[in-house]
Amino acid sequence: MKIASVETFVVGVPPPHFGGRYWIFLKLVTDGGVVGYGEVYSVPFHPHVVAKMIEDVCQRHVIGADPFQIERLWRIIYSSGYTQRPDTSILGILSGIEMACWDIIGKEVNKPAYALLGGQVHEKLRAYTYIYPQPEDKTDVYRDAELAAKRALEYVAMGFTAVKFDPVSYYSAFDPRQLSLEALDHAENFVKTLREAVGSRADLLFGTHGQMTPSAAIRLAKRLEKYDPLWLEEPTPPDNPIEMAEVARATSIPIATGERLATKYEFAQLLHHRSAAIWQMALGRVGGLLEGKKIASMAEAHYIQIAPHLYCGPIAAAADIQLSTCTPNFLIQESILTWGDFHAKVLKSPLQWQDGYIIPPTAPGLGVELDEAVVKNYPYEGDKLHLEMVEKPVF
């Protein structure tokens, strides 16, 4: 079996853009006609440039390769151009290619990917969602604690046992920063209001995005400890795990991080410095399913749990679900509400969510099929990137 062709899809996500402004999918087809889908997450170039990058990498290294030889192909692409380091651009592309290979392998042997990565451990996966704005909102759900609490109660009624939010405000290219007293007061009141609303029916996930210096994060954590959040996410930027470890040592709140990291090598630095108790690898960036499994195994040996990150499309979500299903130290899986709306529309059969849990698929490979007729009707025509930071300091 050889990979014979590659095709890319840059899909514009319609309003309200949950999961990002666009998704980048790729399709590999073997000489025997077996199709595998992958997804590339948040490479910092325009998505149509990224599509060309995917095609270039595939022409150089993937076309003609055996999809079963994932380790060999991974090392070749990882080392291409004399890089051989955790660069998020090549790793995002490699992640999508690797996912598609697992999709092909699973279809060829008629097994879901999790059956080939150790077998099923979890019959269902506990899920959480961000608190999302709705069209009828008159205020910002991340600034209005009462509205956020109302929305959280709606999610709990649906079955969710955890909700995430970021009331620290915008993330800036000039972060980290020391939080103002006003910002600290707002964040504390936000968590207090949600805890009073949901009680012990749901965990609260404080989802910061690297906005704070270590001292600011410690000041915030001391205010939040009495409300017992399940985690404080990425309190400091991802490029210095030593400083994040300072926060971890100073608070009883578990630190979660990893969505902006790539490969086992960067996660090994988290382990070395004891920077976080919960690892959030994004499979569309970290290096794919097998790399995610290796990272999860590193974590397992040190009683660290995984909570795979997901803010993109349903192919990366399907890969997350495969990894989570076969991982003993799985904690919780990020969901985008209940995988309805556009996430469901671009698939031939939607991801399964029931009463707060994701139900792992039994279909082979990644367990989902992209509806190409649909995605071709939603080309991305904007000029902004998937996520963008404020380009001025925030005070």
- Item | Unique residue being more than 22 Å from LYS293 (Cβ to Cβ) and over 23 Å from the mean Cα position of the chain (by Cα) when the list is GLY81, GLY19 | GLY81
- Item | Single residue of the range 7-33 satisfying the filter (out of contact with any Lys or Arg (no Cβ under 7 Å at 6 or more places or on another chain) and over 23 Å from SER335 (Cα atoms)) that is surrounded by the fewest Cβ atoms within 10 Å (Cβ to Cβ) | GLY33
- Message: Within the range 227-247, does at least one residue satisfy the condition of being among the aromatic types (Phe, Trp, Tyr) and touching a Lys or Arg at 6+ places or on another chain (Cβ under 7 Å)?
- Response: yes
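Within the range 200-227, track down each residue that is among the aromatic types (Phe, Trp, Tyr) and buried (at least 18 other Cβ atoms within 10 Å of the Cβ).
Within the range 200-227, just PHE206 meets the criteria.
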- Task: Return only the number of the condition from (1) touching a residue at least 24 places away in the same chain (Cβ under 8 Å); (2) within 23 Å of the chain's Cα centre (by Cα); (3) closer than 14 Å to THR129 by Cα that ARG151 does not satisfy.
- Result: (1)
- Please give the number of the condition ASP239 fails out of (1) farther than 17 Å from ALA183 by Cβ; (2) assigned to a helix (DSSP H, G or I). (2)
- Message: Taking the criterion of being at pLDDT below 95, closer than 20 Å to GLY210 by Cβ and either aromatic (Phe, Trp, Tyr) or buried (at least 20 other Cβ atoms within 10 Å of the Cβ) (or both), would at least one residue in the range 124-134 satisfy it?
- Response: no
- Message: For the range 293-395, give me every one of the strands (runs of 3 or more DSSP E) that falls completely inside it and has 2 or more residues that are in the same structural domain as ARG177 (by TED's automatic domain parsing), in contact (Cβ under 8 Å) with a residue 40 or more places away in the chain and more than 23 Å from HIS17 (Cβ to Cβ).
- Response: 357-359
- Query: Residues of the range 251-284 being more than 20 Å from LEU220 (Cα to Cα) and not in a loop (DSSP other than H, G, I, E, B), which ones?
  - Reply: THR263, LYS264, TYR265, GLU266, PHE267, ALA268, GLN269, LEU270, LEU271, HIS272, HIS273, TRP279
- Go over the candidates GLY36, GLY119 one by one and state the one that is crowded, with 22+ Cβ neighbours inside 10 Å and over 23 Å from GLY258 (Cβ atoms). GLY36
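This table checks each residue for (1) more than 20 Å from TYR132 (Cβ to Cβ); (2) loosely packed, with under 15 Cβ neighbours inside 10 Å; (3) hydrophobic (A, V, I, L, M, F, W, C).
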| residue | (1), (2), (3) |
| --- | --- |
| PRO328 | yes, yes, no |
| GLN333 | no, no, no |
| PHE342 | no, no, yes |
| LYS348 | yes, yes, no |
| GLY356 | no, no, no |
| THR362 | yes, yes, no |
| ASP371 | yes, no, no |
- Query: Pick from the range 292-323 the residues that are surrounded by fewer than 24 Cβ atoms within 10 Å (Cβ to Cβ) and not aliphatic (A, V, I, L, M): which of them is nearest to the chain's Cα centre (by Cα)?
  - Reply: TYR311
- Item | Which listed residue, of LEU270, LEU230, is more than 28 Å from ILE24 (Cα to Cα), crowded, with 19+ Cβ neighbours inside 10 Å, touching a residue at least 40 places away in the same chain (Cβ under 8 Å) and over 12 Å from the mean Cα position of the chain (by Cα) | LEU230
- Can you spot a residue in the range 263-277 that is closer than 15 Å to LEU205 by Cα and touching a Leu at 6+ places or on another chain (Cβ under 8 Å)? yes
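The values are calculated or read from the model by the stated rules, or taken from the named source; none is laboratory data. Just so it is clear, the model here is predicted, and its values are computed rather than measured. Virtual Cβ from ideal backbone geometry, glycine too; neighbours counted across all protein chains shown.
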